[in-house]
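Let me begin by presenting the structure, written as structure tokens, before commenting on it.
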Amino acid sequence: MADDPTTAAAGATITAYPDGPLLVRGDFVLVTPEGRTIETRRGTVALCRCGRSALKPFCDGTHKMVGFRTD
């Protein structure tokens, strides 16, 4: 079934960038906890990890301004 997020995400890769976002590439579907699909319009997206982005769940570069650090 093409609309099933579990089958669409089979070709996705997720890369955690040091002190930065999660970069998701490939064939994926983003879904809210409530089950709503988030439109991405592209095959690569950066997801916020610092929690301060004004574009959540997407990264807007705020991690640099707030000094977000990862281990």
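The values are calculated or read from the model by the stated rules, or taken from the named source; none is laboratory data. Nothing here was measured: the structure is a model prediction, and the numbers come from that model. FYI the Cβ positions are ideal-geometry reconstructions off the backbone, even for glycines, and counts take in every protein chain you see. Side chains are part of the model used for accessible areas, which takes the heavy atoms of the whole protein and leaves out ligands, DNA and RNA. Shrake-Rupley method; radii C 1.70, N 1.55, O 1.52, S 1.80 Å.
Numbers at a glance
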{"quantity": "Gaussian network model of the chain, springs between alpha carbon atoms under 10 Å - residue of ARG36, ARG49, ARG25 with greatest fluctuation", "calculated": "ARG36"}
{"quantity": "Region 14-70, accessible area per residue, ligands and nucleic acids excluded (1.4 Å, Å²)", "calculated": "69 Å²"}
{"quantity": "Percent accessible area from carbon and sulfur atoms, the chain, protein chains only, probe 1.4 Å", "calculated": "53 percent"}
{"quantity": "Contact order normalised by residue count of the chain, Cα under 8 Å, 6+ apart, percent", "calculated": "27 percent"}
{"quantity": "VAL66 accessible area, 1.4 Å probe, all protein chains in place, Å² to nearest 10", "calculated": "70 Å²"}
{"quantity": "Solvent-accessible surface ranking, highest first, for LEU22, LEU55 at 1.4 angstrom", "calculated": "LEU55, LEU22"}
{"quantity": "Cut-off 16 Å (backbone N to label point 7 Å along Cα→Cβ of ASP19), residues of region 47-62", "calculated": "49-50, 61-62"}
{"quantity": "Where only C-alpha atoms are counted, convex hull volume of the chain per residue in Å³", "calculated": "98 Å³"}
